[in-house]
Structures are given as structure tokens and as C-alpha cells.
Amino acid sequence: MVDLWIEVVALATLIGLSGFFSGLEVALVGVSKSKVVQLLNDGLKGSKALHRLKTNPSWMMSSVNLGNNLVNVGASALATSVALRLFGDDGLGIAIGVMTFLILVFGEITPKTYCNANSTKIALRYAPVLLGFSYVFYPVVKFFEIITKGVVRITGSSYVPPPITEEEIKGVIDQGLAEKAIEKDEMELVHGALKFDDTVIRSVMTPRTKMFTLNSKMILFEALHEINQNGYSRIPIHGDNQDDIVGFVHVRDVLKELEKDNKMKTLEQIARK
């Protein structure tokens, strides 16, 4: 009876490890290269291991799938042993049915759903574990990596993901606007920058003599009337003359200060450099 309980605990552990590898695969794939570089620059714990894995996708996928298949095979074999002991010859069918359910729910669907929603956190925390695992099983992982790269080459494909396109960048910016991570004027600024190489400079520049600027010493109460008449959201401010541009003010900043009853502040005090 004690041996049976040991096998049940071992089976539960293997199913948990199956969920670990399945979820980690989703988390690693879900973290973009640009995000990994940002994490590395921030010096976050686990970022170096994550960067090493992401820079070699075939090694990363070979490692995580080796781990997943090892524990799944072990779990299936152990489940069959337990079922045969408990139910005799009928145990094989029972083991197949029960293991299919357990692996689907606890080894695939649940961990993948959770890790997809928390990909960065999971990838950072467990990338060092997977990297260590890949070194322990280095010969096997290397073998599968070579086979994978060979098959990919035969098909005429590339195992290196394609570079991000301009349209994908625009899509990310639009999504940021939809999720209120950025504001509309910031979205328009990025879209404008992406179109800049297709634009004739003369068509977007305003001649200095036609520029609308305000004196940096002007108080907000006086500036509001001028701003309302011209309708610009960003206004350059100048010092002694219009050639001496010292910064710019955003209408949003002016309105915020006026709401706080800071109408005697000068444009210079709230300017952005």
C-alpha cells in the first residue's frame, strides 16, 4: 500500500512537471526579443538566461520539449503501472482515459493559459531552470537541435524568426492606444515618424516667419486666449526674440495648471525642453 501511495505522489509530480514545461514553452515564446533586451538592460534577475535561450530558438525549443516529453512518457508509464495494479487487465484502458484528462487539464490547458497571461514573469523566473536543464542533458538537446535545424534547412525555411515589420510596429502602437497605455497624440507622433522617410521635408515644415510662438515669460492666464485662437496642441516658446526657442508647452499642461488655479505661472515654468 505504501508503494502505491509513493507511485501516486510520483505521478502527481510528473503531471505537475508536464504543466511546468508546457507553460514555460508558452511563456518563452510569448516574450518578444525587444522585451528581452529591455529586461536585460534593466538588469533583472533571470534576464541573462532568458536572453541566451531566446537568441537560440532551436536550442530553447529542443530543451523545453525534451523535458515535456520525458515527464509525459514517465507519467504515462507510471499511470499504467498503478492502473494495472488496481484494476487488473482493465487498467490499461482506464489509465489511457484518466491520463488523457489529467494531462490535458493540468499538463496543457491550465498552465498554458496562466503562463500566456504572465509570460514575462514566468519566463524571467524559470529561464535559469530551463538553461540548467539543457546543460544537464546537453548531448541529447544538441542532438535534437541539429536534427531540427537540418529538417528546417531541407524544407527551405529558416529557423530564425523574421524581423519585425513597420506594420507590426504600427499594430503595437495602435494596441497601446486601445489599452490606454499611450495617448492619441503620442500614437500620431510614432505613426508620423514611420512615414517620415516617405515625406518631402518642405511639405511638413513651417517657415520660421509663419511659426506661432509665445514668449516664455507670458503668464498662463494670458497665454490661454492666444492658444485657443490658434488651436495648436504644442506651442514653441521663445526668449528675447523668436529665433531664441527655449522649449515648448503642451495645451494639456496649461489646462492642468489652470485647474489648480496656477494662472500666474509663466510658460517657462511648465515648459518641456
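The values are calculated or read from the model by the stated rules, or taken from the named source; none is laboratory data. None of these values were measured; they are calculated from a predicted model. Don't worry about glycine lacking a Cβ; one is built from the backbone with ideal geometry, like all the others, and counts go over all protein chains shown.
Miscellaneous remarks
- Checked against the criterion of being polar (S, T, N, Q) and free of Cβ contacts under 8 Å to residues at least 24 places away in the same chain, the candidates 229, 242 yield just one match: 229.
- Matching option when the condition is at negative phi and loosely packed, with under 15 Cβ neighbours inside 10 Å, among 262, 228: 228
- Residue in the stretch 68-85 that is closer than 28 Å to residue 129 by Cβ, at pLDDT 80 or above and not in a helix (DSSP H, G or I) present: no
- Taking the criterion of being part of a loop (DSSP other than H, G, I, E, B) and closer than 17 Å to residue 270 by Cβ, the residues of the stretch 218-248 that qualify are 218, 232, 233, 239.
- Near pairs, Cβ below 6 angstrom, 6+ apart or cross-chain, from the stretch 92-104 (without any contact (Cβ under 8 Å) to a residue 60 or more places away in the chain) to any residue that is among the aliphatic types (A, V, I, L, M): 94/83; 95/79; 95/83; 99/79
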